[in-house]
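The values are calculated or read from the model by the stated rules, or taken from the named source; none is laboratory data. Here the structure is a predicted model, which is why all the values come from computation and not from measurement. In this analysis, Cβ positions are derived from the backbone assuming ideal geometry, glycine residues included, and neighbour counts consider all displayed protein chains. Just the protein is used for accessible areas: all its heavy atoms, side chains included, with ligands, DNA and RNA removed. Shrake-Rupley method; radii C 1.70, N 1.55, O 1.52, S 1.80 Å.
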Amino acid sequence: MGKRRHKLLLLLCIVLATIIAGCGKSEDGGDSRLVLGFSQIGSESAWRIGNTKDIEDQAAAYGIGLMFENANQKQENQIAAIRRFIAYKVDVIAFSPVVEEGWDNVLKEAKDAGIPVILVDRDINTKEEGLTTCLIGADFYREGVMAAEYLIRKADSLGLTYVNIVEITGTANSTPMRQRQAGFMDTIAGDPRMNVLESVDGDFLKSRGAECMKYFLGKYGDTIDVVFSHNDEMTIGAIPEIEKVNLKPGRDMIIISIDGGQEAIDVLKEGKINCIVECTPKLGKELMETALKLKNGESVAAEIHPVEQVFSDETDVSQIAPRGY
Ligand code: AHR
């Protein structure tokens, strides 16, 4: 980007921030409206887009001034966004960390500035105490457990004696990748029928899901019994690759996904996906309520996990209500 364009963008951000912050001034000059700086990971999936929309909708519903920044999948963009939030003196900072490592310095800066930080969706790995106030997001380990429990039930019902699994994982070093894998592997570990052929990083992207599946099919062909994919986007990318080699997803291969966005639910209804473990993107309400509590100096829960369900061919999937993302 040219220096001039960069300067213009920066100026625009400052003007916007001033407008947002200005909206919160009451007549006596004090701040009445909470200003929340939120750094989103990117737009890699229907889940992420639904999460962004929910946060924007809920901020509007709660009358909270939202400074929103999209990091386009880059940690350095998230760090820069958090620094801008500190410079603008927002009341609360929230962010969904793309990976778990490497946040200590910028979070110490937020702490020194006295701005509380909320983790949304994903966790961080740090030895420092008190850099963040709480985590609002799914129990990813439990999602992996639920995926594996479905597989064990499915193998029982089909009378399978040997089950070859390929795994398409989410972004390396991200919380959902680590925990979904751990929950799944821990749960199948006690079942001697389960054999993981290989796990490959699909980065939560549809294009990478297709590439991973092509690679698996080239290497293992029709010996693959199960595809465990860490999100719907990668699953939707993988399915046409299976069809290209004249295999039927959902019948010749058991397909297990995570998220539960509308597009994947429609594919589940077609019978090409067998099971989807829900991961809800609707975290906005909890985020706004937690931010308000922090601004008012109230205590907040260290972790807030939404309740999630499993959609699968074990039940009548035609009855699943519209998902809204
Ligand atoms: O962190 C949540 C995960 O990130 C969702 O499963 C995935 O679709 C998204 O990109």
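In the structure shown, the pairs Lys127/Lys282; Lys108/Lys295; Lys53/Lys127; Lys74/Lys272; Lys53/Lys214; Lys154/Lys269 are assessed against 27 Å; a Cα-Cα span above that value is assigned to Lys127/Lys282; Lys53/Lys127; Lys74/Lys272; Lys53/Lys214. Under 20 Å of direct C-alpha separation, and excluding same-chain neighbours fewer than eight residues apart, Lys248 reaches these aspartates and glutamates: Glu167, Glu211, Asp222, Asp225, Asp232, Glu233, Glu263, Asp266, Glu270, Asp313, Glu314.
Packing-based ranking of 268-277, 73-82, 90-99 yields 90-99, 268-277, 73-82, ordered from highest to lowest mean Cβ neighbour count within 10 Å. Basic side chains Lys and Arg get +1 at the Cβ, acidic Asp and Glu get -1 at the Cβ, and with that the dipole of the stretch 193-262 about its Cα centre reaches some 200 debye. Per residue, the chain exposes an accessible area of 46 Å² to a 1.4 Å probe, with every protein chain left in place.
Under the membrane-span-like helix rule (DSSP H runs whose alpha carbons stretch at least 15 Å along the helix axis, mean Kyte-Doolittle hydropathy 1.0 or higher), the chain yields 3-23. Taking amide H as placed 1.01 Å from N in the peptide plane, Val120 has its amide H under 5 Å from the amide H of Phe95, Ser96, Ile136, each at least 5 places away in sequence or on another chain. The peptide list 298-305, 113-120, put in order of mean Cβ contacts within 10 Å with the highest first, becomes 113-120, 298-305. Available extension along the chain between Leu247 and Lys219 is 8.6 nm, counting 0.36 nm per residue and deducting the alpha carbon span.
If R0 is 22 Å, the Cβ-Cβ spacing of Glu198 and Asn173 corresponds to a FRET efficiency of close to 0.75.
The simple spin-label model puts a point 7 Å past each Cα toward its Cβ; for Lys285 and Leu158 those points are separated by 3.8 nm. Placing dummy labels 7 Å off each Cα toward the beta-carbon, the span from Ser207 to Asp266 is 2.3 nm. Sorting the segments 190-198, 287-295 by their residues' average number of neighbouring beta-carbon atoms within 10 angstrom, most packed first, yields 287-295, 190-198. Between Ala87 and Lys74, the modelled labels are 1.6 nm apart [label points 7 Å from Cα along Cα→Cβ]. Among residues other than Ile55 with Cβ under 15 Å from its Cβ, the summed charge is -2 (Lys and Arg +1, Asp and Glu -1).
Principal axis extents of the Cα atoms in the stretch 28-108, from largest to smallest and rounded to whole angstrom, are 42, 31, 15. Note on the stretch 183-260 and the stretch 90-115: Cα centroid distance 35 Å, given to the nearest whole angstrom. Compared with the direct C-alpha span, the chain from Asp186 to Glu298 gains 36.6 nm at full extension, assuming 0.36 nm per residue.
From the P(r) of the chain, can you give the percent of Cα pairs sitting at distances over 27 Å? Counting pairs separated by more than 27 Å, the tail of P(r) holds 47 percent. In the chain, helical runs assigned H by DSSP with n ≥ 4 each contribute -39500 (n - 2.57); averaged across all residues and rounded to the nearest 500, the mean residue ellipticity at 222 nm is -14000 deg cm²/dmol.
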